[in-house]
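I have placed the structure first, in the form of C-alpha cells, so that the comments after it can refer back to it.
The values are calculated or read from the model by the stated rules, or taken from the named source; none is laboratory data. Model, not experiment: these values are computed from the prediction. With ideal geometry, Cβ positions are generated from the backbone for all residues, glycine too; neighbour counts draw on all protein chains shown.
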Ligand SMILES: Cc1cc2nc3c(=O)[nH]c(=O)nc-3n(C[C@H](O)[C@H](O)[C@H](O)COP(=O)(O)OP(=O)(O)OC[C@H]3O[C@@H](n4cnc5c(N)ncnc54)[C@H](O)[C@@H]3O)c2cc1C
Ligand code: SF4
Ligand code: SF4
C-alpha cells in the first residue's frame, strides 16, 4: 500500500475550505518553495496557493512528495493529541479543559513594562528577559503599522527592549505574527520566540511533532494569549465610528473586560457592549476550540479580579525554568492562582465554551468535552 503524503491538496479541502482554518499562516512560512501566500482582502485571513505551481487546489511540489504545509498546520487531522503528546509526553485528561499547566498571577516590576503592558506587562518582561539573557535572538510579536494611528495590526520582529515596549498591549484584530518569521531569519535569528493566540501558539508544537525542518527548531519559545475571538477590521468604521463617533486615530488604548473598553487621546472612555461587536467576529475564529493557548510554553490572559496582573498558565519545563529565572532576578512578582478562584473558574468556563465550537462533523481534532463536566 502506498504511504500517504498529505500536501496542499489535502490541506485545502480538509482545513482551508472546510472552515477549520484560523489564518495562522504556519503553512505559508513553512513552505520551502514559497508557493503559498496570504489573503487579507475583505477580512479573509486565509492562505492561497499560487496558480503557477499546480493551481489553487493542488501543488506540483506536493505531488512530488513535499508535505511541509500539512506538517506545520495546527488544525490538520489529529493535531491536538499529536501536539499534546509531543509537548507534554501525554494526552490531556478530560478535566484538563484549559490544557496542561499550572495557574499563577504575575506582573512586571519595571514601571515602563507595567505601563506598556495590556494587563501586568508579564509578556513584555518575559520577552525582554529572554532577549537580554541570550535565551532568544528575536521575537515575533503583533504591533501596529506606521505610527499606530490606523490601528492596523501588523506582525513585527522585536529584537530588544525598545521593540518589545513599542509592540506591547493588545490589538483585537488579527495579526498573524508568524508572517514576521522571514524577517527574523534574514537578520540571522536562530532562536525565535512566538507570541500569539491559541491558533498560532499551536503551530510550533505541530511543526516539532511532525518534524517540519528548521522552522520547527528555530521557534524555540511560545508565549500564548488567551483568546475567544478576534474582530474584522471593519469594526472600526462600522461600529466604533458609526455608532460611537470614535475614529481610529482618536483611540489610545483598548481592552475587553466583559465589554469593549476604548480610551481616547483626549481623555474619553467608551464602553461598547460585546453583543454589538459579535457580528464583526473574524470568520477564522468561529470554529476555534482553543481559548487558553493550550500548546504554548506559557499562556497569558487578563481575566480575573486583579486588573493590573496577568493570569499566567505555565505549561512546559522550559516555561517553568523561565518563570523561576524571572522571579529570581526580581523582574516579575507572582501570586498563586488560588488568590483568584473566580478567574480560574472563568478560565474553565470560557475554555469549555470554545471547545464546544469544534464542529461535530470535523474529523478527529480536539478531544470532545464529556457531558458530565460541561
Ligand atoms: C486578540 C486578543 C484577544 C484576547 N482575548 C483575551 C480574552 O478573551 N481573555 C483574556 O483573559 N485575555 C485575552 N487576551 C490576552 C490579553 O489581552 C493580554 O495579551 C495578556 O493578558 C498578556 O498581558 P500582558 O500585559 O502580560 O502582555 P503585554 O506585555 O502587553 O504583551 C502583549 C503581547 O501581545 C502581542 N499582541 C498584541 N496584540 C496582538 C494581536 N492582535 N495578535 C498577536 N499578538 C498580539 C504584543 O505584540 C505583545 O507582545 C487577548 C489578547 C489578544 C491579542
Ligand atoms: S490553520 Fe494555519 S496552517 Fe492551517 S491552513 Fe490555515 S493558515 Fe495554514
Ligand atoms: S479565537 Fe483566537 S485563538 Fe481562536 S482562531 Fe480566533 S484569534 Fe485564533
Among the residues of the range 311-327, is there at least one that is out of contact with any helix residue (DSSP H, G or I) (no Cβ under 9 Å at 6 or more places or on another chain), more than 14 Å from ligand 3 (Cβ to nearest atom), in a loop (DSSP other than H, G, I, E, B) and farther than 30 Å from residue 15 by Cβ?
no
With respect to residue 99, is the statement that it is outside the structural domain of residue 210 (by TED's automatic domain parsing) and either out of contact with any strand residue (DSSP E or B) (no Cβ under 7 Å at 6 or more places or on another chain) or buried (at least 16 other Cβ atoms within 10 Å of the Cβ) (or both) true?
no
If you go through the range 123-140 one residue at a time, do you hit one that is within 21 Å of residue 186 (Cα to Cα), buried (at least 24 other Cβ atoms within 10 Å of the Cβ) and either within 16 Å of ligand 3 (Cβ to nearest atom) or not assigned by TED's automatic domain parsing to the domain that holds residue 328 (or both)?
yes
Residues being out of contact with any strand residue (DSSP E or B) (no Cβ under 7 Å at 6 or more places or on another chain) and within 13 Å of ligand 2 (Cβ to nearest atom) - total across the range 174-206:
5
Select from the range 32-44 the residues that are under 21 Å from residue 71 (Cβ atoms) and touching a residue at least 40 places away in the same chain (Cβ under 8 Å) and write down the one among them that is surrounded by the most Cβ atoms within 10 Å (Cβ to Cβ).
38
Considering 23, 55, 65, which residue is over 27 Å from residue 196 (Cβ atoms) and modelled with pLDDT of 95 or more?
65
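Table: residues versus (1) touching a helix residue (DSSP H, G or I) at 6+ places or on another chain (Cβ under 9 Å); (2) touching a residue at least 60 places away in the same chain (Cβ under 8 Å); (3) under 20 Å from residue 154 (Cβ atoms).
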residue: 202; (1), (2), (3): yes, yes, no
residue: 214; (1), (2), (3): yes, no, no
residue: 230; (1), (2), (3): yes, no, yes
residue: 242; (1), (2), (3): no, no, no
residue: 282; (1), (2), (3): yes, yes, yes
residue: 299; (1), (2), (3): yes, yes, no
residue: 304; (1), (2), (3): yes, yes, no
residue: 307; (1), (2), (3): no, yes, no
For the range 265-279, state whether one or more residues are assigned to a helix (DSSP H, G or I) and crowded, with 18+ Cβ neighbours inside 10 Å.
yes
Select from the range 170-183 the residues that are more than 16 Å from ligand 3 (Cβ to nearest atom) and surrounded by fewer than 21 Cβ atoms within 10 Å (Cβ to Cβ) and write down the one among them that is nearest to residue 37 (Cα to Cα).
182
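Residues checked against (1) in contact with a strand residue (DSSP E or B) (Cβ under 9 Å, 6 or more places away or on another chain); (2) assigned by TED's automatic domain parsing to the domain that holds residue 177; (3) within 16 Å of ligand 1 (Cβ to nearest atom); (4) farther than 20 Å from residue 178 by Cα:
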| residue | (1), (2), (3), (4) |
| --- | --- |
| 24 | yes, no, yes, no |
| 34 | no, no, no, no |
| 56 | yes, no, no, yes |
| 60 | no, no, no, yes |
| 77 | no, no, no, yes |
| 80 | no, no, no, no |
Qualifying residues in the range 197-228 (those that are more than 16 Å from ligand 3 (Cβ to nearest atom), at pLDDT 95 or above and part of a loop (DSSP other than H, G, I, E, B)) - the one surrounded by the fewest Cβ atoms within 10 Å (Cβ to Cβ)
211
